[in-house]
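What follows is calculated from the coordinates using simple rules that are stated; it is not laboratory data. Here the structure is a predicted model, which is why all the values come from computation and not from measurement. Please note: Cβ atoms are built from the backbone with ideal geometry, for glycine as well, and neighbour counts cover all protein chains shown.
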Amino acid sequence: KNQVEQSPQSLIILEGKNCTLQCNYTVSPFSNLRWYKQDTGRGPVSLTIMTFSENTKSNGRYTATLDADTKQSSLHITASQLSDSASYICVVTIQGAQKLVFGQGTRLTINP
Amino acid sequence: DTGVSQNPRHKITKRGQNVTFRCDPISEHNRLYWYRQTLGQGPEFLTYFQNEAQLEKSRLLSDRFSAERPKGSFSTLEIQRTEQGDSAMYLCASSPGLAGGPYEQYFGPGTRLTVT
C-alpha cells in the first residue's frame, strides 16, 4: 500500500531554534517528493520538490533531504520564526500517476 | 489575485441537503484536482481533470459526489444528501499539466464544510 508516514506528529520549539521533521514513504514507483507548509485554515503551499536524483534542496531557511534508497526524507528548519508555526506535510507522487500521496503532517508550534 | 480561488470559504448545512462548491484555477492551467482534508490529517485525493475530462476518481468519491469542469476552466464539486461524515475541508488545486515534470500543484484556500 502506498503510504507516507511523518514524525513527530507535533513539535513545539522556541523561536530561533532549529528543528528537523521526518518523512518515511512506501510509495512505488517513486516520482518525486514534496514538502508543503499549511497554515491553519489555508491551502498547502509548496516549499520544495525533489526528484529521485536529488539529495538536498533548500528554500531559504528550509532544507529538505531525500534518501531514495531508504525511502526517507527530512525537512530542516533553521533559526525558526513565529511565522513558521504551521503544519508541514510530506507528499509523494507515484510515477505515471497524477494523484499525490500525502502524509498526515507535523504540527509545528514556535513559541516566543 | 491570480491564484486558485474557491467559493464559498465556509458552508454550514443540515444533513440531507445538497451543497455545491466552486473552484477557479489559475488561468491556463490544464489540470485541476479536488482533495478532502479532515482535521489533523493530510489531504486525500478525490478526483482530477485534464481540461474538461475527468480522468481519475478515488474510491472516496461515492455516488453522492459529482465533479464537473464543463469548459475546462472552473470546476464544481457537488455533494448530494450530505452526511455528518462529509464535514471536512475541500481543497482544489491546479497545475500547468505540461509534458514531463515534476509539475507544481497550486492549492486554493479551501472550502470548510460543516454538516449538522
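For the list (1) surrounded by fewer than 16 Cβ atoms within 10 Å (Cβ to Cβ); (2) under 24 Å from B:Cys23 (Cβ atoms); (3) in contact (Cβ under 8 Å) with a residue 24 or more places away in the chain, I need the number of the one condition that A:Thr20 fails.
Every listed condition holds for A:Thr20 apart from (2).
Looking only at the stretch A:79-105, count every residue that is in contact with a Ser or Thr (Cβ under 7 Å, 6 or more places away or on another chain), at the interface with chain B (Cβ under 7 Å from one of its Cβ atoms) and closer than 21 Å to B:Thr47 by Cβ and tell me the total.
So the count comes out to 2.
Being surrounded by 18 or more Cβ atoms within 10 Å (Cβ to Cβ) and either polar (S, T, N, Q) or more than 11 Å from the chain's Cα centre (by Cα) (or both) is the filter here, so list the residues in the stretch A:27-43 that pass it.
If the condition is that a residue be surrounded by 18 or more Cβ atoms within 10 Å (Cβ to Cβ) and either polar (S, T, N, Q) or more than 11 Å from the chain's Cα centre (by Cα) (or both), then A:Val27, A:Phe30, A:Asn32, A:Gln38, A:Gly43 are the ones that fit.
Say whether the condition of being among the charged types (D, E, K, R), within 13 Å of another protein chain (Cβ to nearest Cβ), farther than 27 Å from A:Ile94 by Cβ and more than 11 Å from the chain's Cα centre (by Cα) is met by at least one residue in the stretch B:27-37. Before you say what the answer is, go through the steps one by one.
As a first pass, look at the stretch B:27-37 and keep what is among the charged types (D, E, K, R): B:28, B:31, B:36.
Okay, now just the ones that are also within 13 Å of another protein chain (Cβ to nearest Cβ), so B:31, B:36.
With the extra rule that they be farther than 27 Å from A:Ile94 by Cβ, the set shrinks to none.
Scanning the stretch B:27-37, I find no residue that is among the charged types (D, E, K, R), within 13 Å of another protein chain (Cβ to nearest Cβ), farther than 27 Å from A:Ile94 by Cβ and more than 11 Å from the chain's Cα centre (by Cα), so the answer is no.
Please determine, by comparing only the residues of the stretch B:54-66 that are hydrophobic (A, V, I, L, M, F, W, C) and in contact (Cβ under 8 Å) with a residue 12 or more places away in the chain, which one is farthest from the other protein chains (Cβ to nearest Cβ).
B:Phe65
Return a yes/no flag: does the stretch A:63-76 have any residue that is on the phi < 0 side of the Ramachandran plot, surrounded by fewer than 19 Cβ atoms within 10 Å (Cβ to Cβ), within 11 Å of chain B (Cβ to nearest Cβ) and in contact with a Phe, Trp or Tyr (Cβ under 8 Å, 6 or more places away or on another chain).
Within the stretch A:63-76, none of the residues are on the phi < 0 side of the Ramachandran plot, surrounded by fewer than 19 Cβ atoms within 10 Å (Cβ to Cβ), within 11 Å of chain B (Cβ to nearest Cβ) and in contact with a Phe, Trp or Tyr (Cβ under 8 Å, 6 or more places away or on another chain).
Pick from the stretch B:38-73 the residues that are over 11 Å from the mean Cα position of the chain (by Cα) and not in a loop (DSSP other than H, G, I, E, B): which of them is nearest to B:Gly16 (Cα to Cα)?
In this case the residue turns out to be B:Lys57.
Within the stretch B:78-99, is there a residue that is in a loop (DSSP other than H, G, I, E, B), among the polar types (S, T, N, Q) and surrounded by fewer than 14 Cβ atoms within 10 Å (Cβ to Cβ)?
no
Just for the stretch B:18-37: of the residues that are among the polar types (S, T, N, Q) and loosely packed, with under 13 Cβ neighbours inside 10 Å, which one is farthest from A:Val45 (Cα to Cα)?
B:Asn18
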